[in-house]
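All remarks here apply to the structure that follows.
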Amino acid sequence: MVVGLVFTVGLTGVLGAILRSGDPDGWSLPLQDNWLAVIYKLLAGFGGDQAGRLHVVDLLDIVMLALIGVVMLGLSAALSEVSRVWPFLATISPFAGIVLFLSTASGGRTGVIGAVLVISIVMLWSTSFRKPLAVTGILAGVLLAIGDVSSSAGPSPLIAGLFGLGYVLVTAWFFLVAVSLLRLAWMTHEDCSVLTPS
């Protein structure tokens with residue numbers, strides 16, 4: 001839920017930048033310049049040193065990578081009946097991204113995109129998660145990957161639009177994951193209550 005909320009704040013900042021085209025930072029909101037928002041602004045051709053922001057070690061990005069790693073850890077446990085290897089790789093990707101980010105000040109954050117994509121593909125074979133959740137994550141991962149790869153080529157309204165859609169989808173995906181994990185926890189609790197003799 002926290003990851004989804006931070007990404008939502010970033011979306012609000014992007015909306016502010018669109019409505020206030022003269023100010024590339026949009027509205028002055030805390031936590032609004034996560035790396036996904038910065039990549040969108042770069043692709044959309046907003047002013048300011050958007051590219052430079054991607055090469056700065058930002059505490060917010062480190063915290064986000066750690067939180068996303070925790071989300072992947074929870075999903076990995078829930079998906080262990082499908083596969084152990086792929087969820088494990090998705091789990092270590094954000095944490096490895098922190099090390100890479102700290103050592104290069106640029107790389108590592110995009111490991112999140114791969115983690116979302118991989119874990120969503122594994123979800124397709126799970127009975128614990130609904131297929132629309134998996135499809136949402138796959139679409140988000142693909143669209144974000146296209147934008148991430150294209151970000152060095154300069155502004156592109158088409159790629160910016162696709163990346164923006166991916167941003168909205170991945171934000172929704174994190175909220176849906178939270179609901180799904182809470183539902184699984186509740187079902188497990190109910191099953192334990194039924195099995196426990198009174």
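The values are calculated or read from the model by the stated rules, or taken from the named source; none is laboratory data. If you're wondering where the values come from, they're calculated on a predicted model, not measured in any experiment. Because the Cβ atoms are built from the backbone with ideal geometry, glycine has one as well, and the counts that use them run over all protein chains shown. The protein model used for the area step is the full one, side chains on, heavy atoms only, and it has no ligands, DNA or RNA in it. Shrake-Rupley method; radii C 1.70, N 1.55, O 1.52, S 1.80 Å.
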* Just give me the residues in the stretch 45-83 being open to solvent by 30 Å² or more (accessible area, probe 1.4 Å), touching a Phe, Trp or Tyr at 6+ places or on another chain (Cβ under 9 Å) and either part of a loop (DSSP other than H, G, I, E, B) or of a type in the set (S, T, N, Q) (or both), in sequence order. => PHE46, VAL57, ASP58, VAL82
* Structure fact -> The lone condition THR127 fails out of (1) more than 26 Å from TRP86 (Cα to Cα); (2) β-branched (Val, Ile, Thr); (3) surrounded by fewer than 18 Cβ atoms within 10 Å (Cβ to Cβ) is (1)
* **Selection within the stretch 7-16 - surrounded by fewer than 21 Cβ atoms within 10 Å (Cβ to Cβ) and in contact with a helix residue (DSSP H, G or I) (Cβ under 7 Å, 6 or more places away or on another chain)** => THR8, LEU11
* Residues of the stretch 147-171 being surrounded by 15 or more Cβ atoms within 10 Å (Cβ to Cβ), hydrophobic (A, V, I, L, M, F, W, C) and free of Cβ contacts under 8 Å to residues at least 40 places away in the same chain, which ones? -> LEU162, LEU165, LEU169
